[in-house]
Amino acid sequence: MGLLGDVISGVLLLTGAAFCLVSGIGLVRFPDTVSRLHAASKAQTLGLLLVVLGAVFQTPLGKAPALLLVGAFSLLTAPVTGHIVARIAYRTDAVERRQVVLDELAARLIDERGPNGREGDERGPEDREPPPTSGT
Amino acid sequence: MIAVANIALALVSLAALLVVGRLAAGPGALDRVVALDALVTLIVVGAVLGTLARSDTTTGYVLVVLALLGFVGSIASSRLIERREDMR
């Protein structure tokens with residue numbers, strides 16, 4: 001690999017590692033589960049992808065498919081993990097309500113399932129938004 | 001290139017230290033799931049950087065297995081947490 005490849009790969013590696021570090025800082029500093037998940041899923045995946053791309057430039061051709069496969073799998077699995085963890089965080093009330101500007105799901109849940117939320121949920125809707133006044 | 005990989009490895013290690021702090025402190029079980037998922041990703045990143053720093057390409061497909069295991073583990077444990085909350 002020539003000098004140009006080395007420079008490209010070094011920049012990619014350092015940027016990816018910096019994204020990983022930023023994601024770690026976000027994971028420590030953010031106030032609730034959902035925002036921590038935001039830091040952990042997006043910045044982390046971007047960091048992994050950049051590091052993998054930077055490493056592909058430096059590895060022999062036979063070893064590159066494994067690295068690319070790692071990047072592809074993390075690109076596929078990170079949204080699924082984020083979706084499921086965020087969904088469960090919402091349903092188990094791990095969301096800091098004061099941070100939420102707009103909660104469209106609460107109104108929909110009250111519409112669909114009645115004012116008590118999900119079945120078997122003994123917690124009242126007092127921490128959710130009031131139901132919309134105009135019935136649909 | 002080895003020096004660059006070592007610097008990047010230091011950054012990633014610092015990030016892993018922060019994530020371990022969150023793993024110890026995280027108030028809920030879901031926080032720990034998120035932190036563990038991030039930690040697995042950081043381990044994969046560190047292994048890639050380590051192969052570059054030592055110019056030793058023996059890890060290969062182990063990293064793919066590790067990434068998939070992290071995915072399956074975090075999905076399974078979060079489903080388990082959901083079920084536990086249901087029974088409460």
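Tabulated data for the structure shown
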| item | result |
| --- | --- |
| Residue within segment B:16-24 that is charged (D, E, K, R) and buried (at least 18 other Cβ atoms within 10 Å of the Cβ) present | yes |
| Test: residue A:76 is surrounded by fewer than 18 Cβ atoms within 10 Å (Cβ to Cβ), modelled with pLDDT of 90 or more and closer than 30 Å to residue B:44 by Cα | yes |
| Enumeration of residues in segment A:34-57 that are within 16 Å of residue A:86 (Cβ to Cβ) and facing chain B (nearest Cβ under 7 Å) | A:36, A:37, A:40, A:44 |
| Flag if residue A:109 is modelled with pLDDT of 75 or more and either loosely packed, with under 12 Cβ neighbours inside 10 Å or closer than 20 Å to residue B:42 by Cα (or both) | no |
| Every residue from segment A:89-100 that is surrounded by fewer than 22 Cβ atoms within 10 Å (Cβ to Cβ) and at the interface with chain B (Cβ under 10 Å from one of its Cβ atoms) | A:91, A:92, A:93 |
| Tabulated pairs, segment B:1-15, first in contact (Cβ under 8 Å) with a residue 40 or more places away in the chain, second in a helix (DSSP H, G or I) and of a type in the set (D, E, K, R), C-beta under 6 angstrom, 6+ apart or interchain | B:1/A:6 |
| Hits in segment B:1-51 (condition: over 11 Å from the mean Cα position of the chain (by Cα) and charged (D, E, K, R)) | B:22, B:31, B:32 |
| Candidates A:65, A:60, A:31, filtered to the one that is part of a helix (DSSP H, G or I), surrounded by fewer than 16 Cβ atoms within 10 Å (Cβ to Cβ) and either more than 7 Å from every other protein chain (Cβ to nearest Cβ) or at pLDDT below 90 (or both) | A:65 |
| Tally of residues being farther than 22 Å from residue B:59 by Cβ and surrounded by fewer than 20 Cβ atoms within 10 Å (Cβ to Cβ) across segment A:34-57 | 3 |
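The values are calculated or read from the model by the stated rules, or taken from the named source; none is laboratory data. Keep in mind the model is a prediction, meaning the values are calculated, not measured. Don't worry about glycine lacking a Cβ; one is built from the backbone with ideal geometry, like all the others, and counts go over all protein chains shown.
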